[in-house]
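Heads up, the thing below is written out as C-alpha cells.
Quick note: the coordinates plus some simple rules give every number you see, no bench work behind them. The structure displayed is predicted, hence computed values, not measured ones. Cβ coordinates were reconstructed from backbone atoms using ideal geometry, including for glycine residues, and neighbour counts include every protein chain displayed.
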Ligand code: NAI
C-alpha cells in the first residue's frame, strides 16, 4: 500500500504498460505515466473524454486514477541531445521537459520519490526488415529506443527510487524471446535490442542492487495485439502459433503480465533480481512445435 510507480510507455489502453499500471493500481499504488511526446495529446484527450473508462475499471469496481501524465521521449537524455528538427517539430512544440533527465527532475519536484520504475517501450524503425537488410542507422535507433532508453531511465530515476526496508524498490522492463531464439519477422535489430536489454538487466541488477538495494528484472512476455505489435505485422500469426504450440493453449492476456509486474514490484519478490521472467503460457519451454 502507498507505493508510487512511474510507468514509461503508456499511450493507449491496449499495451502492456497500461495493464501493468492497472495491476499496480489494484495493489494500491499511485500511478504516474510517461507518454511518448507525439502520442501525448491524443492520449490525454482520450483519457479526459472518458474513452478509456471501461478499461480503467479495477477488480473492486473503482476506476484507475492516473495521477499525472509526463511527456517523455526516451531517446533523448537531456536538452543538449535534442536535434533542431525535433525541437521545431510541430508534435513536440507544445510540450516541454520531456527528455529523460528532465522527466526525472519533474517527478522529483512533484512527488519527491517513487518506489517502482517500469519501462514498457520499444521502437525499431526498420523492424519489418530482416537483419541482413537493416541499416546501421536503423539498428542503432532500435538499440537507442529499446535498450539504452532503459539504462538512461534507471540511471536518472535511481536517485529518487526508495530503497525500502525489504529490498522493495523495484524496476521492471519488457522483453521478447526473439533475444535468444530465432523469430523470423522480428527484424531491424529489435532482436539484438532485446538481447542487450536482457544482458543489461543482469548488470543493472548488480549495480542498482549494490548501490541501493533496488531490484531489476525483465518480463519476457508472450504475444499481445498492442499498437506496437500490430506495426510489426505478424502479431496474429504469433498469437495463433502460441495457442497451437504452448503448454497452455489459452490466449495470453495483458493482465497476466500486469499481475507478474505487480508481484515483482512487491515484497513477495524480495529475493528476485537480475531475472528474465517468462510470462508466455510456457511457450519458451518448447523445443519443437506440435
Ligand atoms: P505499446 O504500443 O503499448 O507500447 C510501446 C510504447 O512505447 C508506446 O506507448 C509508444 O508510444 C512508446 N514509445 C515508443 N518510442 C518511444 C520513445 N522514444 N520514448 C517514449 N516512449 C516511446 O506496445 P507493447 O507491445 O505493449 O510494448 C511494451 C513493451 O512490451 C515493449 O518493450 C515491447 O517490446 C514489449 N513486448 C511486447 C510484446 C507484444 O507482443 N506486444 C511481446 C513481448 C514484449
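Can you tell me how many residues within the range 54-76 are loosely packed, with under 14 Cβ neighbours inside 10 Å, assigned to a loop (DSSP other than H, G, I, E, B) and within 22 Å of the chain's Cα centre (by Cα)?
Of the residues in that region, 1 qualify.
Can you find, within the range 132-178, the residue that is nearest to the ligand (Cβ to nearest atom) among those that are without any contact (Cβ under 8 Å) to a residue 24 or more places away in the chain and closer than 28 Å to residue 286 by Cα?
178
Select from the range 239-267 the residues that are over 20 Å from the mean Cα position of the chain (by Cα), within 13 Å of the ligand (Cβ to nearest atom), surrounded by fewer than 20 Cβ atoms within 10 Å (Cβ to Cβ) and in contact (Cβ under 8 Å) with a residue 40 or more places away in the chain and list them in ascending order.
241
Is it true that some residue in the range 203-218 is closer than 16 Å to residue 142 by Cα and either more than 8 Å from the ligand (Cβ to nearest atom) or surrounded by fewer than 24 Cβ atoms within 10 Å (Cβ to Cβ) (or both)? Explain how you work it out, then say what you get.
Step one: of the range 203-218, the residues closer than 16 Å to residue 142 by Cα are none.
Within the range 203-218 (the criterion being closer than 16 Å to residue 142 by Cα and either more than 8 Å from the ligand (Cβ to nearest atom) or surrounded by fewer than 24 Cβ atoms within 10 Å (Cβ to Cβ) (or both)), the answer is no, since none of the residues qualifies.
Please determine whether any residue of the range 82-92 is within 16 Å of the ligand (Cβ to nearest atom), under 30 Å from residue 221 (Cα atoms), in contact (Cβ under 8 Å) with a residue 24 or more places away in the chain and surrounded by 13 or more Cβ atoms within 10 Å (Cβ to Cβ).
We begin by selecting, within the range 82-92, every residue within 16 Å of the ligand (Cβ to nearest atom); these are 82-83, 85-87, 89, 91-92.
Next, from what is left, pick out any that are under 30 Å from residue 221 (Cα atoms): none.
Scanning the range 82-92, I find no residue that is within 16 Å of the ligand (Cβ to nearest atom), under 30 Å from residue 221 (Cα atoms), in contact (Cβ under 8 Å) with a residue 24 or more places away in the chain and surrounded by 13 or more Cβ atoms within 10 Å (Cβ to Cβ), so the answer is no.
Search the range 222-233 for residues being part of a loop (DSSP other than H, G, I, E, B) and surrounded by fewer than 17 Cβ atoms within 10 Å (Cβ to Cβ), and hand back the single one that is nearest to the ligand (Cβ to nearest atom).
Of all residues in the range 222-233, those part of a loop (DSSP other than H, G, I, E, B) come to 222-226, 233.
When the remaining residues are screened for being surrounded by fewer than 17 Cβ atoms within 10 Å (Cβ to Cβ), the result is 225, 233.
Working: 225: 7, 233: 12 Å.
Of everything passing the filter in the range 222-233, 225 is nearest to the ligand (Cβ to nearest atom).
Among the residues of the range 1-48, which ones are farther than 28 Å from residue 267 by Cβ and within 11 Å of the ligand (Cβ to nearest atom)? Before you say what the answer is, go through the steps one by one.
First, pick out the residues of the range 1-48 that are farther than 28 Å from residue 267 by Cβ: 11-14, 35-48.
Result: 11, 12, 13, 14, 35, 36, 37, 38, 39, 40, 42, 43.
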